[in-house]
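What follows is a short report on a single structure.
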Amino acid sequence: MKEAQSRTIIIDHFGRQPHETSPEAMASLAGGTFVLSERVADAAGEAFDFAAWYEEWRNGQGITDDVPQPTHLKVEAADAFEALIPWEQLPDAAVQFAINGSPLTKGGPIRLYVPNGTSACLNVKSVVVCRILHEEASRGDVAYGFKNTFSPQDMRMKR
């Protein structure tokens, strides 16, 4: 029997306690949705604007203008893939949360698309954690790939 996919997303913003939310709550907070193909050719489904969501979320958290803007978004997927994306590449980012009005059954709970970024269109499926970071020393850095989920000791062959 296949285990049900979690629909929970953790939002972890620098200077704040992490909290859980749902794709539908994020879409509602963003203030509107659109057909994903309007931003990403050949992509299907419904999405919301990441920048609009973040602005409303920030306001709802009482984060004032004296708090610095983030430098990066780090997303972590259920399959251990992660991407570190410079904040300045996110103005056109779209978050897919549904197809034909139903939650994503494949690639959910949300999928992040970043058109016009470092790659032609970075997309990360099965996003379960969004870390909003302020790391001035690494401003502009981009990284993506699978987490190192094993230690060097795990790699050593036992004789």
Dipole of the chain [Lys/Arg +1, Asp/Glu -1 at C-beta], most positive-end residue of Gly145, Phe14, Phe48: Gly145
Inter-site label distance for Asn100 and Ser6 at 7 Å from Cα along Cβ, in nm: 2.8 nm
Total charge dipole magnitude, the chain, about the Cα centre, Cβ charges on Lys, Arg, Asp, Glu only, Debye to nearest 20: 880 debye
In Å, descending, principal axis extents of the Cα set of the range 14-127: 40, 28, 27
GNM result for the chain, Cα springs below 10 Å: residue of Val124, Val95, Val67 fluctuating most strongly: Val67
Accessible surface, per residue, of the chain when the full set of protein chains is kept, probe 1.4 Å, Å²: 58 Å²
Segments 55-62, 134-141, 6-13 sorted - mean Cβ within 10 Å per residue, highest first: 6-13, 55-62, 134-141
Beta bridges per DSSP with both ends in the chain, % antiparallel, nearest 5: 90 percent
Hypothetical label at Val67: residues of the range 20-61 whose amide nitrogen lies under 17 Å (7 Å Cα-Cβ projection): 20-21, 30, 51-61
Environment charge of Glu24, counting only residues whose C-beta is closer than 14 Å and scoring Lys/Arg +1, Asp/Glu -1: -1
Solvent-accessible area, 1.4 Å probe, carbon plus sulfur percent, for the range 1-135: 50 percent
Inter-centroid distance (Cα atoms) of the range 50-86 relative to the range 123-144, Å: 9 Å
Most to least packed among 98-108, 82-92 [average Cβ atoms within 10 Å]: 82-92, 98-108
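The values are calculated or read from the model by the stated rules, or taken from the named source; none is laboratory data. Quick caveat, the model's predicted, so the values are computed rather than measured. Cβ atoms come from the backbone with ideal geometry, glycine included; neighbour counts cover every protein chain shown. Ligands, DNA and RNA are stripped out before the accessible areas are found, and what is left, the full protein with its side chains, is counted by its heavy atoms. Shrake-Rupley method; radii C 1.70, N 1.55, O 1.52, S 1.80 Å.
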